[in-house]
Amino acid sequence: MSAHCGPTGAGTGTITGGTRLALVGSPNSGKSTLFNALTGLRTKTGNYPGVTVARYEGTARVGKQEVVIEDLPGTYSLDPISPDEQVVADVLDPDNPDLGTPDGILVTLDATTLRRSLGLLAQVMRTGLPICVVLTFRDELARRGGTLDVAALRRALGVPVVAVTGGSRTDLAELQAALPESASWERPVLPPPTDPAQRRSWVESVLLSAGYEVPEADQRTRRIDAVLLHPLWGTLIFFATMFAFFQIIFTVATPLQDAVQSVFDRLGTLVTEYVSNPLLAGFLGNALIGGLGSVVVFLPQIALLFLMISLLEGSGYLSRAAFLMDRLMARAGLEGRAFVALLSSLACAIPGIMATRSLPSAKDRFATMMGAPLMTCSARLTVYVLLTGLLVSPGARVGPFGAQGVVMFALYLVGALSAMATAWVFKRFSSRGGPVLPFYMEMPSYRLPRRRSVADAIWSACKGFLAKVGRIILVVTVGLWLLLSLPLHSDAQLRSAGVDPADRTAVSAYEVDHSYAADIGHAIEPVFEPLGFDWRINVGVLGSLSAREVFVATLGQVAAAQNPDQPTEALTQMTYTDGPHQGQKLFTPATTAALLVFFLYALQCMSTIGVMRRETGSWKWPAVAFGYMFVLAWTMAFLTHTVVGALT
Amino acid sequence: MVSVQLGTRRKSGPSGPVDSAPVDSGPDARLSDLRPGTSGRITGIEESVEPSTARRLFDLGFAPGAEVTVLRRAPLGDPVVYQVVEYEIALRKEQAAGIRVRRTA
């Protein structure tokens, strides 16, 4: 096997050279906090070969030396039952040739759950690799009346033990100094036994010699849970919390996003004013700056989402929310933790897909990711408003309710149900043959989220988005602009076509009508003809790949609307320009309804594809999502067109 | 750790939940049958449980001899929070039904 083309090659984003340490620990043991504290923000994400488990690596600087730390997925055992845990077992297996064996292992042990955590440590010690134990939450152990002699624990285990409390820099310094010296870490005389029963006696003897006094049940946590998990109050607080959560990523983010958008719009206008060459001005102003704007515009939402998720997670409430929702999510074959991701997708699928990181199982993560884009996002809202306005007159009523509102509600409902159904199908499909994973979820004590971890979480999410997804969005935006603007037309050409070069509306309509995008729109006409779409709708659909709401403006341009953002008037007058329906109204109820349904199901969003690519580490899943959603969108739109056409 | 005898359900019949009879005796129950507020000592894992799942339950602390307390049921009935080896963990009914316990309180 070639060293460069192998699965550990550069493509998987492995940092090479120097000491490599793996970070192992159970969920909630303070593992990620430690990783962030040690590596700062010098981190890199990639994927493990063959599986879609995210690989997090970072560099810790100790003096002049650099130590690479790999943050392995959280696990309770080295007997793997999921792809994520298989990765942990594989990385720690010195006989596994596909993954480099680390020079040493850092194991985080939560001092308050030592009896359980030592079982995992015993398994890790069986690998024979040098081990350093990082003891966390010793302050909480003391608060709850437990005791532990760290020096005695070190003697009993036969490996170095460093207690790190919260973000204490002196504690960290001691650990950092030990990092590059993994070769000289003390090793146990005898490894712990493998037999489960003997291992338990080993754990008991270690606890005894370390003078471990069991912490009392956390009374503070019990008291908080009595309210937060109460059948009535707990449910009310849950809905209030989720409502606030949704409001913040939806409502609070909007003015921030508008501000970002207007800054980029102004920049674009400035460029158009000062650059005389129309092509260059258009390219710089609309394609490049516009493209950058459509990347940066997501940042407020992502930052707010990760602010809230890390607050919910750091405080321990995320587990409680998942606990309350688990039964409901189980219907879709998912678990409670998927709820937050689906809820976030109502604002936008980008943060929604990024939120799936909190799911411990890769299968659940994919199933949720595949369903998430079907949740009605805010970008669809503008399209829905436009099309619902064409479909239903404002005065129409269904019983006591306005018909437009009913249609909107139906679209949201169908989107949510379809998302759940899709997740269920993908979960079934991916679990085929394999055993059903048991569900278990630790309920950690309530803790105050640390400011530093919250800031780190926000920063790394934004940074990752800009670096990986930004490029994809930018390229697509520029590409689409070129398609919609080329070839160029001189004033003479415009005049000979009967268009006044001074009339901006007419010119932009003419340009779009004779662009390469229009050629594509014509070329794909046979595909969309059964849905009632003509080539101009196709151009709009194509343009909406950069962002769904662009559909409205593109269609406005095509329809030569005076105000492309409010094209309703112009659209109602549009007729088919050729083909068997020539002269007939284009936006019949059947076509409009089919278009609505098409937008409900189709993955008309390059940003979503980009973020899926980043989160899954391959083009496979975005391709699967695009494919299945297109087929679903076409079929559902066709059915809608047929049914509505027959009824009207 | 896998016993042949399947757990026979004990109905919380007329004697009621407050049972002053000697604890740590009587037939086994499933963990999922215990009511919030009661405890039991684990006697084994049902044979029907997938070996990998049985292994994981063991690693999570649901090992024979361990004391489990039922803390709280979710409003929709499932899952349930248990306390085992000094920490709290939620299990779905499906998993809890695979764990055999002897009631202790």
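All conditions in (1) away from chain B (no Cβ under 13 Å); (2) at negative phi hold for A:GLY128, with the sole exception of (2).
The condition of being assigned by the TED database to the domain that holds A:SER201 and under 25 Å from A:PRO94 (Cα atoms) holds for only one of A:LEU157, A:LEU141, A:LEU172, that being A:LEU157. Every test in (1) facing another protein chain (nearest Cβ under 7 Å); (2) within 9 Å of the chain's Cα centre (by Cα) is passed by B:ALA97 save one, and that test is (1).
Check whether at least one residue in region A:153-172 is of a type in the set (A, V, I, L, M, F, W, C), exposed (fewer than 15 other Cβ atoms within 10 Å of the Cβ) and either away from every other protein chain (no Cβ under 14 Å) or under 27 Å from B:PHE58 (Cβ atoms) (or both), and report yes or no.
Let us first name the residues in region A:153-172 that are of a type in the set (A, V, I, L, M, F, W, C), namely A:153, A:156-157, A:159, A:161-164, A:172.
From what is left, the residues that are exposed (fewer than 15 other Cβ atoms within 10 Å of the Cβ) are none.
Within region A:153-172 (the criterion being of a type in the set (A, V, I, L, M, F, W, C), exposed (fewer than 15 other Cβ atoms within 10 Å of the Cβ) and either away from every other protein chain (no Cβ under 14 Å) or under 27 Å from B:PHE58 (Cβ atoms) (or both)), the answer is no, since none of the residues qualifies.
Of all residue pairs spaced 6 or more apart or on separate chains, those with beta-carbon atoms under 8 Å, a first member in region A:173-194 that is closer than 13 Å to A:ALA60 by Cα and a second member that is in a helix (DSSP H, G or I) are A:LEU175/A:LEU38; A:GLN176/A:LEU38; A:LEU179/A:LEU38. Inspection of region A:457-472 identifies no residue that is surrounded by fewer than 18 Cβ atoms within 10 Å (Cβ to Cβ) and within 14 Å of chain B (Cβ to nearest Cβ).
Name the residues in region B:64-74 that are of a type outside the set (A, V, I, L, M, F, W, C) and at the interface with chain A (Cβ under 7 Å from one of its Cβ atoms), would you? Within region B:64-74, B:ARG72 is the sole residue that qualifies.
Of the candidates A:LEU72, A:LEU78, A:LEU114, the single residue that is within 14 Å of chain B (Cβ to nearest Cβ), among the aliphatic types (A, V, I, L, M) and crowded, with 21+ Cβ neighbours inside 10 Å is A:LEU114.
Restrict the check to region A:265-281 and report whether at least one residue is at pLDDT 85 or above and not in a helix (DSSP H, G or I). No - not one qualifying residue is present in region A:265-281. For first residues located in region A:591-612 and assigned by the TED database to the domain that holds A:PHE638 and closer than 20 Å to A:MET369 by Cα, partners that are of a type in the set (Lys, Arg) and at pLDDT 90 or above and lie 6+ apart or on another chain with Cβ distances below 6 Å do not occur. Within region A:81-111, restricting attention to residues that are modelled with pLDDT of 90 or more and among the small types (Gly, Ala, Ser), the residue that is surrounded by the fewest Cβ atoms within 10 Å (Cβ to Cβ) is A:ALA89.
So which of B:GLY40, B:GLY13, B:GLY7 ends up being buried (at least 17 other Cβ atoms within 10 Å of the Cβ), modelled with pLDDT under 85 and away from chain A (no Cβ under 14 Å)? First the steps, then the outcome.
Numbers: B:GLY40 fails: modelled with pLDDT under 85; B:GLY13 fails: buried (at least 17 other Cβ atoms within 10 Å of the Cβ).
Exactly one residue qualifies, and that residue is B:GLY7.
So which residues in region B:43-58 are within 11 Å of chain A (Cβ to nearest Cβ) and not aliphatic (A, V, I, L, M)? Within region B:43-58, B:GLU50, B:PRO51, B:SER52, B:THR53, B:ARG55, B:ARG56, B:PHE58 qualify.
Would you pick out the residues in region A:232-253 that are of a type in the set (Val, Ile, Thr) and touching a residue at least 60 places away in the same chain (Cβ under 8 Å)? Steps first, please.
Residues of region A:232-253 that are of a type in the set (Val, Ile, Thr), as a first pass: A:235, A:237, A:241, A:248-249, A:251-252.
Correct list: A:THR235, A:THR241, A:ILE248, A:ILE249.
If I go through region A:309-323 residue by residue, how many of them are of a type in the set (S, T, N, Q) and within 11 Å of another protein chain (Cβ to nearest Cβ)? Walk me through how you get there before you give the answer.
Kept after step one, since they are of a type in the set (S, T, N, Q), are these residues of region A:309-323: A:310, A:315, A:319.
From the residues that got through so far, the ones that are within 11 Å of another protein chain (Cβ to nearest Cβ) too are A:319.
Residues in region A:309-323 being of a type in the set (S, T, N, Q) and within 11 Å of another protein chain (Cβ to nearest Cβ): 1 in total.
To keep it simple, each residue is scored yes or no on (1) basic (Lys, Arg); (2) touching a Gly at 6+ places or on another chain (Cβ under 9 Å); (3) closer than 16 Å to A:TYR601 by Cα.
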{"position": "A:LEU346", "(1), (2), (3)": "no, yes, yes"}
{"position": "A:MET375", "(1), (2), (3)": "no, yes, yes"}
{"position": "A:ARG380", "(1), (2), (3)": "yes, yes, yes"}
{"position": "A:VAL385", "(1), (2), (3)": "no, no, no"}
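Evaluation of A:VAL252 against the conditions (1) buried (at least 19 other Cβ atoms within 10 Å of the Cβ); (2) hydrophobic (A, V, I, L, M, F, W, C); (3) at pLDDT 80 or above; (4) in a helix (DSSP H, G or I) shows that the sole unmet condition is (1). Among the residues of region A:379-389, is there at least one that is buried (at least 19 other Cβ atoms within 10 Å of the Cβ), within 21 Å of the chain's Cα centre (by Cα) and not hydroxyl-bearing (Ser, Thr, Tyr)? Yes: one or more hits.
A:THR165 satisfies every condition listed in (1) part of a loop (DSSP other than H, G, I, E, B); (2) more than 19 Å from A:LEU129 (Cα to Cα); (3) touching a residue at least 40 places away in the same chain (Cβ under 8 Å) except (3).
State which residue is farthest from the chain's Cα centre (by Cα) when the search covers only region A:194-239 and only residues that are of a type in the set (Ser, Thr, Tyr), assigned to a helix (DSSP H, G or I) and within 12 Å of chain B (Cβ to nearest Cβ).
So in region A:194-239, the residues of a type in the set (Ser, Thr, Tyr) come out as A:194, A:201, A:205, A:209, A:212, A:221, A:235.
Next, only the ones that are assigned to a helix (DSSP H, G or I) stay: A:201, A:205, A:209, A:221, A:235.
Then drop every residue that is not within 12 Å of chain B (Cβ to nearest Cβ), which leaves A:201, A:221, A:235.
Values: A:SER201: 43, A:THR221: 30, A:THR235: 26 Å.
Ranking the qualifying residues of region A:194-239, first place goes to A:SER201.
Between A:VAL189, A:VAL206, A:VAL214, the distinction of being surrounded by fewer than 20 Cβ atoms within 10 Å (Cβ to Cβ), under 16 Å from A:ARG115 (Cα atoms) and not small (Gly, Ala, Ser) belongs to A:VAL214 only.
Tell me the residue from B:GLY77, B:GLY61 that is under 23 Å from A:LEU318 (Cβ atoms), in contact (Cβ under 8 Å) with a residue 24 or more places away in the chain, at the interface with chain A (Cβ under 10 Å from one of its Cβ atoms) and in a loop (DSSP other than H, G, I, E, B), please. Lay out the reasoning, then the answer.
Details: B:GLY77 fails: in contact (Cβ under 8 Å) with a residue 24 or more places away in the chain.
The conditions single out B:GLY61.
Here the helices (runs of 4 or more DSSP H) wholly within region A:510-561 that include at least 3 residues being in the same structural domain as A:THR572 (by the TED database) and in contact with a Pro (Cβ under 6 Å, 6 or more places away or on another chain) are A:550-558.
Quick one: count up the residues across region A:39-65 that are modelled with pLDDT of 75 or more, part of a strand (DSSP E or B) and under 18 Å from A:ASP456 (Cα atoms).
Matching residues across region A:39-65 total 7.
Checked against (1) more than 9 Å from chain A (Cβ to nearest Cβ); (2) basic (Lys, Arg); (3) within 17 Å of A:MET441 (Cα to Cα), B:ARG103 meets all criteria but (3).
The values are calculated or read from the model by the stated rules, or taken from the named source; none is laboratory data. Quantities reported herein were computed from a predicted structural model and do not represent experimental measurements. Please note: Cβ atoms are built from the backbone with ideal geometry, for glycine as well, and neighbour counts cover all protein chains shown.
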